[in-house]
Amino acid sequence: MKITFLGAAGCVTGSKTLLQFGKTKLLIDCGLFQGFKHLRELNWAPPDFAPRSLSAVVLTHAHIDHSGYVPVMSARGFKGEVFCTPGTEALCRILWPDAAHLQEEDARYANAKGISRHAPALPLYDTRDAQKALTRLRDVAPGKAFIVGSGQDRVTCTFIRNGHLLGSAMLLVEAGGARLVFSGDMGRPVDVLMRAPEKLPECDYLFLESTYGNRLHSTTDVTEELAMVISETALAKGAVLIPTFAVGRAQALLHLIMELKAQHQIPDIPVFLDSPMAREATEAYVKFSREHRLTKAQLRAITEGTHIIGNQAESMNLAKLRGPHIILSASGMATGGRVLHHLARMAPNAKNTILFAGYQAGGTRGAKLVAGDAWVRIHGVDVPVKARVEQIDGLSSHADWQEMCAWLKASKVPAPQQVFLMHGEPDAADAMRLHLKDELGWDASVPMLGQKIDIS
Ligand SMILES: [Zn+2]
């Protein structure tokens, strides 16, 4: 069996691992490279194999860095099936058209400004490519085995819930007597939305993520921080703007806000969700209510307690609001989306609070605001930042290294023959390697991008 590391090796994006077993060629995750330019350029490179030659693609979850390259594969001739859980399928239907739309916008912008090296600049894929790729999705419930390939070359796959996102799962692959587990992004033992990951099954080869290999999550109480920021802003007669990721994070925040209201820890001020994608994602969480921790009553509290904003005109109308209120809008790092016009309007008022609810990548507006910049440039205009800017940590959906080691220990499995650490910056992956040695006595290695290995 051959494994080729085509992404998320030495970095945290572009997850793609090719497994070849006889004539069967399986691509595990099919993600876009994001972030730094040298990584994003890899999205444009021809794939290391003919897309047509793949037997199937299997997705561990819907995040774009794990699923967003499927439309490229499909546009380049891949005609096979893309297996995923029902929850992942629902989220891909929301995320891929949005990713296509963003790329079309970027290409239009580059053409208008004449800043592309290519004339005309083209999107990596367009909405039609995304729609075509969606027809390849085949959902399989977690725990139910499915087969790729045939005869002696057949490979049996099973999804096992891993608590990272709606529909997320690790993947158990059985082929020729060997058992391989691909962890995907691992969730945490305690999460606002998701149940704890199921146990790791016994395996010969483990491909483990290591995003938080050298970091621990903060132990401060997110709910308390949120209550304090909202209450203080409301008392000052200001409004709270929460830039948020539309899928997962927005639903977690809405749930926490509704709980705080029910417990009278914050005043009963109106809450607006202004993101079409977050609205659709919320509907997916309602539909797949058995796939997460929220009860029917808690979901109802979210849908009944939130004013859902529809079109752009309604979004602009929020400017007329008077008195304390909360607006949640995407994107989470204020790099684009409807949150920008709220930010331009709300940042100059000292009574307001801009509350970031997650990690802010370097270079984004979010990172600059959190660092205390006095001005923020939005749609070509410099806007003064007088509002209070806060950041809450602790809503991450990745296990940190301690949580990961505790989960591995609790799984009570013998040491795999080999452990490969994926999906980590080099320092994080190497730190995770040392933690696995110290905590479990397991040896692990960190593969390089493009590396091929032969196993069993
Ligand atoms: Zn993820």
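The values are calculated or read from the model by the stated rules, or taken from the named source; none is laboratory data. Here the structure is a predicted model, which means the values were calculated and not measured. So basically every Cβ, Gly included, is an ideal-geometry build from the backbone, and we count neighbours across all protein chains shown. Side chains included, ligands, DNA and RNA excluded: accessible areas come from the protein's heavy atoms. Shrake-Rupley method; radii C 1.70, N 1.55, O 1.52, S 1.80 Å.
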(message) Every residue in region 60-88 that is part of a helix (DSSP H, G or I) and away from the ligand (no atom under 16 Å from the Cβ), please.
(response) P71, V72, M73, S74, A75, P86
(request) Identify, by number, the condition in (1) modelled with pLDDT under 95; (2) buried (at least 16 other Cβ atoms within 10 Å of the Cβ) that L343 doesn't meet. (result) (1)
(request) Return the pairs, sorted by first residue and then second, in which the second residue is more than 16 Å from the ligand (Cβ to nearest atom) and in a loop (DSSP other than H, G, I, E, B), the first residue lies in region 63-84 and is farther than 17 Å from L6 by Cα and β-branched (V, I, T), the beta carbons are less than 9 Å apart, and the residues are 6+ apart or on different chains. (result) V82/R136
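The rows are residues; the columns are (1) polar (S, T, N, Q); (2) under 19 Å from R338 (Cβ atoms); (3) touching a Cys at 6+ places or on another chain (Cβ under 6 Å); (4) modelled with pLDDT under 95.
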position	(1), (2), (3), (4)
K237	no, no, no, no
I242	no, yes, no, no
F245	no, yes, no, yes
R249	no, yes, no, no
L256	no, no, no, no
I269	no, no, no, no
Y285	no, no, no, no
L299	no, no, no, no
H307	no, yes, no, no
(message) Go through region 407-425 and report how many residues are more than 15 Å from M186 (Cβ to Cβ) and either of a type in the set (F, W, Y) or at pLDDT below 95 (or both).
(response) 1
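Just one of A428, A361, A357 is surrounded by 17 or more Cβ atoms within 10 Å (Cβ to Cβ) and touching a helix residue (DSSP H, G or I) at 6+ places or on another chain (Cβ under 8 Å); which is it? First the steps, then the outcome.
Working: A428 fails: touching a helix residue (DSSP H, G or I) at 6+ places or on another chain (Cβ under 8 Å); A361 fails: surrounded by 17 or more Cβ atoms within 10 Å (Cβ to Cβ).
Checking each option against the conditions leaves just A357.
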(request) Just give me the residues in region 431-456 being within 25 Å of V190 (Cα to Cα) and either outside the structural domain of I160 (by TED's automatic domain parsing) or open to solvent by 60 Å² or more (accessible area, probe 1.4 Å) (or both), in sequence order. (result) R433, L434, K437, D438, E439
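Give the residue that is modelled with the lowest pLDDT, with candidates limited to residues of region 396-406 that are open to solvent by less than 20 Å² (accessible area, probe 1.4 Å) and outside any helix (DSSP H, G or I). Quick ask: steps written out before the conclusion?
Here is the first cut: in region 396-406, the residues open to solvent by less than 20 Å² (accessible area, probe 1.4 Å) are 396, 399-400, 404-405.
Filter once more, keeping what is outside any helix (DSSP H, G or I): 396, 399-400.
Numbers: S396: 92, A399: 97, D400: 97.
Taking the candidates together, the pick is S396.
Have a look at E304, E283, E232 and point out the one that is of a type in the set (D, E), closer than 27 Å to L369 by Cα and open to solvent by 70 Å² or more (accessible area, probe 1.4 Å). Spell out the reasoning first.
On the way: E304 fails: closer than 27 Å to L369 by Cα; E283 fails: closer than 27 Å to L369 by Cα.
Going through E304, E283, E232 in turn, just one is of a type in the set (D, E), closer than 27 Å to L369 by Cα and open to solvent by 70 Å² or more (accessible area, probe 1.4 Å): E232.
Residues checked against (1) part of a helix (DSSP H, G or I); (2) in contact (Cβ under 8 Å) with a residue 24 or more places away in the chain; (3) touching a Phe, Trp or Tyr at 6+ places or on another chain (Cβ under 9 Å); (4) not small (G, A, S):
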| site | (1), (2), (3), (4) |
| --- | --- |
| F245 | no, yes, no, yes |
| A250 | yes, yes, no, no |
| M258 | yes, yes, no, yes |
| I269 | no, yes, no, yes |
| F272 | no, yes, no, yes |
| R279 | yes, yes, no, yes |
| T282 | yes, yes, no, yes |
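Given region 289-382, what strands (runs of 3 or more DSSP E) lie entirely inside it while holding 3 or more residues that are closer than 26 Å to A234 by Cβ? Show your work before the answer.
Working: elements: 326-329, 353-356, 375-378.
Counting at least 3 such residues, we get 326-329, 353-356.
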(message) Testing Q152 on (1) part of a helix (DSSP H, G or I); (2) of a type outside the set (D, E, K, R); (3) open to solvent by less than 20 Å² (accessible area, probe 1.4 Å), one condition comes back false. Which one is that?
(response) (3)
(message) Going residue by residue through region 122-133, is there one that turns out to be among the β-branched types (V, I, T), outside any loop (DSSP other than H, G, I, E, B), in contact with a helix residue (DSSP H, G or I) (Cβ under 9 Å, 6 or more places away or on another chain) and open to solvent by 20 Å² or more (accessible area, probe 1.4 Å)?
(response) yes
